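None of the figures in this text is laboratory data; all of them are computed from the coordinates on show. Owing to the predicted nature of the structure, the values given are computational and were not obtained by experimental measurement. For neighbour counting, all protein chains shown are included, and Cβ atoms are generated from backbone atoms with ideal geometry for every residue, glycine included.
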Amino acid sequence: MSERYYHKLVRDNIPDIIENSGKRAMTRQLSANEYKTELDRKLLEETNEYLAEGNTEELADIVEVVYAILDFRGIDPNSFEELRLKKRQKNGGFAKRCYLESVISD
């Protein structure tokens with residue numbers, strides 16, 4: 001018998017998937033403070049995976065973590081989307097691929 005350690009936040013169905021494969025998943029429920037920390041860690045993990053692999057599935061994982069963070073913080077996803085659109089209207093998006101090299105002041 002071998003045991004592999006992960007020590008990370010996983011999606012809700014992962015323990016069942018592990019159990020259905022004939023293995024045992026040892027889990028615990030995180031406190032609010034631990035959950036916030038692990039959500040931040042998961043966001044970084046998923047972002048790094050996207051940067052390494054560049055696939056759409058990793059982007060979906062990032063968005064899932066963002067929605068979990070919004071839920072944890074009590075922020076309505078529609079309000080968040082309104083904020084995103086407001087910032088886009090004010091500052092624009094990234095469609096023009098504009099890369100700021102420097103700013104010269106007099």
In whole angstrom, the spacing between the Cα centers of segment 75-97 and segment 25-49 equals 26
Modelled FRET efficiency - R0 22 Å, Glu45 with Tyr67, Cβ distances, 0.05 increments:
0.90
From phi via Karplus (6.51, -1.76, 1.60), per-residue ³J(HN,Hα) for segment 32-45 in Hz, x at Gly/Pro:
4, 5, 5, 4, 4, 4, 6, 4, 4, 5, 5, 4, 5, 4
Where nothing but the Cβ of Lys and Arg (+1) and of Asp and Glu (-1) is charged, how large is the charge dipole of segment 14-91 around its Cα centre, in debye to the nearest 20?
400
Can you tell me the alpha carbon radius of gyration of the chain divided by the globular rule-of-thumb value 2.2 N^0.38 Å?
1.47
For a test of understanding, tell me how many lysine pairs in the chain have Cα atoms under 19 Å apart, given they are 8 or more places apart or on different chains.
5
Across Leu83, Leu59, Leu43, the residue with the highest GNM fluctuation in the chain (Cα network, 10 Å cutoff) is Leu83
For Leu59, put the label point 7 Å out on the Cα→Cβ axis and report which residues of segment 32-47 keep their amide N under 20 Å from it.
43-47
Report the residue, chosen from Lys87, Lys36, Lys96, that carries the largest GNM mean-square fluctuation when the chain is represented by alpha-carbon nodes joined by springs under 10 Å.
Lys96
Of the residues Ala52, Gly22, Val65, the Cα lying farthest along the dipole of segment 22-106 towards its positive end, which is defined by charges on the beta carbon of Lys, Arg, Asp and Glu, belongs to Val65
With a Förster distance of 22 angstrom and the Cβ-Cβ distance between Ser102 and Ala52, calculated FRET efficiency to the nearest 0.05 equals 0.15
For segment 1-62, just run the numbers: alpha carbon Rg, then divide by 2.2 N^0.38 Å, N being how many residues it has.
1.28
Nearest-ten-degree value, helix 56-72 long axis tilted from longest Cα axis of the chain:
90
